[in-house]
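Worksheet for the structure shown next.
The values are calculated or read from the model by the stated rules, or taken from the named source; none is laboratory data. Everything numeric here is computed off the predicted structure, so don't read it as measured data. FYI the Cβ positions are ideal-geometry reconstructions off the backbone, even for glycines, and counts take in every protein chain you see. Please note that ligands, DNA and RNA were not included when accessible areas were found on the heavy atoms of the full protein model with its side chains. Shrake-Rupley method; radii C 1.70, N 1.55, O 1.52, S 1.80 Å.
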Number of protein chains: 2
Amino acid sequence: MSIRNPKQALYEQFAIVAKALGHPLRLELIEHLAQGSRSVEALAAKLGQPIANISQHLQALRRAGIVSAERDGKYVHYSLADDSVLSAFASVRSVAERHLAEVDRIVRDCFDARDDIQPVTREELQALMRDGLVTLIDVRPADEFALGHVPGAINVPLGEIKAWSHCADPGREIVAYCRGPWCVMSFEAVAALRSVGHSARRLEDGMPEWKAAGLPVEMPA
Amino acid sequence: MSIRNPKQALYEQFAIVAKALGHPLRLELIEHLAQGSRSVEALAAKLGQPIANISQHLQALRRAGIVSAERDGKYVHYSLADDSVLSAFASVRSVAERHLAEVDRIVRDCFDARDDIQPVTREELQALMRDGLVTLIDVRPADEFALGHVPGAINVPLGEIKAWSHCADPGREIVAYCRGPWCVMSFEAVAALRSVGHSARRLEDGMPEWKAAGLPVEMPA
DNA sequence: CCGTCATTCAATAGAATAATTGAATGACGG
DNA sequence: CCGTCATTCAATTATTCTATTGAATGACGG
């Protein structure tokens, strides 16, 4: 073991944080925790993974200071340490988006048919909502909607989008949002709505980014 | 191999980037590359590591889109892909600084004696330089100074600081900067200058951050 | 065309990480 | 106090990562 100067010791700590971000499952955990705090069991169900595996990944994230855990009776609720985690995630994503050819390829293959849909910015949406010009739908599952959503949004989980679209006013534009910038749900919702003749667009990013931008969040009683 | 949906495929790419940041040596490479582009050999010398090892780490960084390589005759010059890398590094650092107790400990143990020195902000420094009130020194090695420095700064590598301090005007405040926020050199320079009676402070962050903020950089012919 | 030199590749051994399984812990409810 | 249930721990195996060594590549200079 070589003698470490303070800088190297610090860099080892920074590396612990980066390493904790360096696994797709853990990134997905962060995305879900960004919606609100969750028990181990709930996260395991969302990700379709064994509980012990999720528990260990969560502990890795906790050791890196990325999430914090709070015991509540039988359950342990995990949540993101703070918004700096989201911004670290966003920075890493930005590097990948700019410089990895594989990211380009995936986006082209899977999202390209939909890239003519210019996302609505948060400012734009606020203006549209203020003027009552659009219907805003939150396509996340009901439990995530319940943990906080954009004021005025109605919850239409992805599975119910087809049924809901028949009742919606066809002359009114629809804006959809979900968990975050690369969450497929809002892409799919917009595609489904457009396929039955609705005018629909995505909101840029998702709920966590809305909240991190300091915009109001509605929480059901 | 399980079937991957597009989101998981993207998250694997993001994880590649984060994983590449997840090693202390690679973080140190990024710090050095942030000063300017470098050959493999030069980086190996700076880090005191075998060339083959550095070469492999650089290739890991390149696969993650973090650095780019350009052949120039016998030499291959590596440089940072762009400023998004610096901001990713900064985000990771920020998470570690906020949430890792070990980072606190290291900073307390190694930098605490100097924490009464409020760093000078970039704006403050610009005003002070405009009014000619301070002497600005760049305590990095001469080769890094040559790759770009703050206009008006004079190069006083750390080893020469003691000798230089005798010639410096004792009535004039000195501001020192180096490679970045946790580069020890400017801390040590300030400590050395204060120990011989000078009034000295650190600039916040270092050269790469100055440049990333869009401020002017002086490059010798 | 050949030697030199910077860099990369290939192969190895050792260390760390990931997923799985089953057992242990710790808190609630009767 | 006992059974139940959410979570964590411990142990195992397979995989990946790291550092080192020595050989291969590729470009320059004579």
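Please find, within segment A:30-42, the residue that is nearest to the other protein chains (Cβ to nearest Cβ) out of those that are away from DNA strand D (no atom under 12 Å from the Cβ) and out of contact with any Gly (no Cβ under 9 Å at 6 or more places or on another chain).
A:30
Scanning segment B:155-180 for residues that are of a type in the set (A, V, I, L, M) and not in a helix (DSSP H, G or I), which turns out modelled with the lowest pLDDT? Let's see the steps before the verdict.
Kept after step one, since they are of a type in the set (A, V, I, L, M), are these residues of segment B:155-180: B:156, B:158, B:161, B:163, B:168, B:174-176.
From the residues that got through so far, the ones that are not in a helix (DSSP H, G or I) too are B:156, B:168, B:174-176.
Numbers: B:156: 97, B:168: 93, B:174: 96, B:175: 96, B:176: 96.
It comes out as B:168.
In segment B:78-100, is there at least one residue being within 16 Å of DNA strand C (Cβ to nearest atom) and either among the polar types (S, T, N, Q) or away from chain A (no Cβ under 13 Å) (or both)?
Let us first name the residues in segment B:78-100 that are within 16 Å of DNA strand C (Cβ to nearest atom), namely B:78-81, B:92, B:96, B:100.
When the remaining residues are screened for being either among the polar types (S, T, N, Q) or away from chain A (no Cβ under 13 Å) (or both), the result is B:78-79.
The answer is yes, given that some residue of segment B:78-100 is within 16 Å of DNA strand C (Cβ to nearest atom) and either among the polar types (S, T, N, Q) or away from chain A (no Cβ under 13 Å) (or both).
Looking at segment B:66-86 only, could you name the residues that are part of a helix (DSSP H, G or I) and either surrounded by 17 or more Cβ atoms within 10 Å (Cβ to Cβ) or within 15 Å of DNA strand D (Cβ to nearest atom) (or both)?
Across segment B:66-86, the qualifying residues are B:84, B:85, B:86.
Restricting attention to segment B:4-29, report how many residues are touching a residue at least 12 places away in the same chain (Cβ under 8 Å), in a helix (DSSP H, G or I) and either at the interface with chain A (Cβ under 7 Å from one of its Cβ atoms) or open to solvent by 10 Å² or more (accessible area, probe 1.4 Å) (or both).
Number satisfying all stated conditions: 8.
Identify all residues within segment B:30-43 that are open to solvent by 10 Å² or more (accessible area, probe 1.4 Å) and assigned to a loop (DSSP other than H, G, I, E, B); write none if there are none.
B:34, B:36, B:37
Considering each of A:16, A:30, A:66 in turn, give the residue that is within 10 Å of DNA strand C (Cβ to nearest atom) and out of contact with any Asp or Glu (no Cβ under 7 Å at 6 or more places or on another chain).
A:16
Considering only segment A:44-61, state which residues are more than 8 Å from DNA strand D (Cβ to nearest atom), closer than 23 Å to residue B:19 by Cα and surrounded by 13 or more Cβ atoms within 10 Å (Cβ to Cβ).
Within segment A:44-61, A:47, A:49, A:57, A:60, A:61 meet the criteria.
Look through segment B:187-208, keep the residues that are outside any helix (DSSP H, G or I) and among the small types (Gly, Ala, Ser), and return whichever of them is surrounded by the fewest Cβ atoms within 10 Å (Cβ to Cβ).
If we take residues in segment B:187-208 being outside any helix (DSSP H, G or I) and among the small types (Gly, Ala, Ser), then B:197 is surrounded by the fewest Cβ atoms within 10 Å (Cβ to Cβ).
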